[in-house]
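**Q** Sharing a structure, written as structure tokens. Questions coming.
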Amino acid sequence: MTTTALPLPDPVTLSDAQQRGANCVWCAAPLTNTAAHDLGPRPLTVFGSSVRWFPRCCPTCRRERV
Ligand SMILES: [Zn+2]
């Protein structure tokens, strides 16, 4: 399974930092650009508008899930 196909938590349950990709989507650890893994753009509907979400995760969570 590739990381872009991994099921993610519902974005509405995540913090602003997690939604921005500043923190891991699963464990909320702060991410640096070198350590973060992009999980691929996800289409998201927010208040009726279609937007793209760019979730990221830490290396530990990625290892556990791939
Ligand atoms: Zn994590």
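**Q** Looking at (1) surrounded by 15 or more Cβ atoms within 10 Å (Cβ to Cβ); (2) within 12 Å of the ligand (Cβ to nearest atom), which one does Q19 not meet, given that it meets all the others?
**A** The failed condition is (2).
**Q** Condition first: away from the ligand (no atom under 15 Å from the Cβ) and in contact with a Gly (Cβ under 6 Å, 6 or more places away or on another chain). Can you find one or more residues in the stretch 2-9 that meet it?
**A** yes
**Q** Scan the stretch 25-55 for residues that are touching a residue at least 24 places away in the same chain (Cβ under 8 Å), more than 9 Å from the ligand (Cβ to nearest atom) and either in a loop (DSSP other than H, G, I, E, B) or closer than 15 Å to D10 by Cα (or both) and jot them down. Outline the logic, then answer.
**A** Step one: of the stretch 25-55, the residues touching a residue at least 24 places away in the same chain (Cβ under 8 Å) are 25-27, 29, 31, 35, 37-40, 42, 44, 53-55.
From what's left, more than 9 Å from the ligand (Cβ to nearest atom): 35, 37-40, 42, 44, 53-55.
Across the stretch 25-55, the qualifying residues are A35, L39, G40, R42, L44, W53, F54, P55.
**Q** Of the residues G21, G40, which single one is at pLDDT 85 or above, of a type in the set (G, A, S) and out of contact with any strand residue (DSSP E or B) (no Cβ under 7 Å at 6 or more places or on another chain)?
**A** Of G21, G40, the one residue that is at pLDDT 85 or above, of a type in the set (G, A, S) and out of contact with any strand residue (DSSP E or B) (no Cβ under 7 Å at 6 or more places or on another chain) is G40.
The values are calculated or read from the model by the stated rules, or taken from the named source; none is laboratory data. No experiment lies behind these values; they were computed from the predicted model shown. Here the Cβ is made from the backbone with ideal geometry for all residues, glycine too, and neighbour counts use every protein chain on show.
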